[in-house]
Amino acid sequence: MLFSGLMDQSRDRAVAAGSPAEMTAAAVKHALSELALPEGFLEACLSDRRSAVRQAAAVFQRAQERKLKEQRRLESLYSRELEAARRRGVLVGGVDEVGRGPLAGPVVAACVVLPPQPRIVGLDDSKALTPAERDDLDRRIRAVALGIGVGMVDATEIDRINILNATLQAMTAAVSRCAPNAPGHLLLDAVRLRDLAIGQEPIVGGDRKCACIAAASIVAKVARDRLMVELDRQFPGYGFAAHKGYGTPFHLSQLARLGPSAIHRRSFAPVHDIDPAAQARRFLTALAQASSLEELRAVGERFAGRAKLLQPRLVAGLRRSYARRRAQLANRSGGSR
């Protein structure tokens, strides 16, 4: 114990003197990892005759450079909302959404109010992060945020009012639910919300430029992804837990095999095109519009490849409709001669 204490004192004196040459390689590594370094110590390590010391110093230097780079990135990321808060004297919230493009599930938005400190290391646009990084950042955001609100609009409402209006509705709901502290000014990713009586600043690419918008993108993404995992249990077979409702080849193949579920967006073309009821309506409309046997045959050929995606009873009914229309056109053609 006494010997260990003397060794520590000797190491500390060597560090204070900026003299790694008087230290073992292990002591140098310890000093680089735990002690405040005097001026010149790192430079001396980088030129030390021992490769282990030089390597440890190079690793430390790269880590310090990464830390400084991240500090500068965060300064820039937080600068816009800090300036807005200083200028307006109110809390500033960031708003972003996720889920505009999927074929199934809701569109989700979040509103997040961040404090000026502590800065959240690693905070970035959700699209630039791995699922594990998003989960970790979501936890850290929630631990320090002054206010968080989440809004969702489901597939039925998306089909009714269209995806753009549904997105704006989800964002507005997120702002109204932001608690415990509501924002007095908003920074948004390239959109402006109607019917809100607070200041708004749309920022193109805001999730890459502004901390509170980046935080909102992460909170919204994590909330939606977790919901899609739950919906995968309620609607098995489509693979929602894996692709989160986006139109992957597997999702499209299962959509063709199983048909749309209750959470599919029927106004979206890939779903609309494969929806049995929609296909039947389009087929019947095309039959009614065919003015000759040639046009009717073209309609039949165009829809023949899709028949395997429909229920046999529905196909049988469509074939009867085709036969009736063919008889009508044949009679009309015969009567005109």
Cβ pairs under 9 Å, 6+ apart or interchain, first in the range 120-132 and in the same structural domain as GLY206 (by TED's automatic domain parsing), second aromatic (Phe, Trp, Tyr) and outside any loop (DSSP other than H, G, I, E, B), ordered by first then second residue, are LEU123/TYR78
Would it be correct to say that LEU231 is over 18 Å from THR156 (Cα atoms), touching a residue at least 12 places away in the same chain (Cβ under 8 Å) and among the aliphatic types (A, V, I, L, M)? no
Candidates LEU168, LEU231, LEU186, filtered to the one that is surrounded by 15 or more Cβ atoms within 10 Å (Cβ to Cβ) and farther than 30 Å from GLU83 by Cβ: LEU231
Can you name the residue in the range 100-118 that is touching a Phe, Trp or Tyr at 6+ places or on another chain (Cβ under 9 Å) and in contact (Cβ under 8 Å) with a residue 60 or more places away in the chain and is also farthest from TYR238 (Cα to Cα) among such residues? LEU114
Quick one: which residue in ARG226, ARG160 is assigned by TED's automatic domain parsing to the domain that holds VAL113 and out of contact with any Ser or Thr (no Cβ under 9 Å at 6 or more places or on another chain)? ARG226
Within the range 27-49, is there a residue that is exposed (fewer than 15 other Cβ atoms within 10 Å of the Cβ), at pLDDT 85 or above and in a loop (DSSP other than H, G, I, E, B)? yes
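The values are calculated or read from the model by the stated rules, or taken from the named source; none is laboratory data. Computed from a predicted structure; not experimentally measured. Neighbour counts are summed over all protein chains in view; Cβ atoms, including those assigned to glycine, are modelled from backbone coordinates with ideal geometry.
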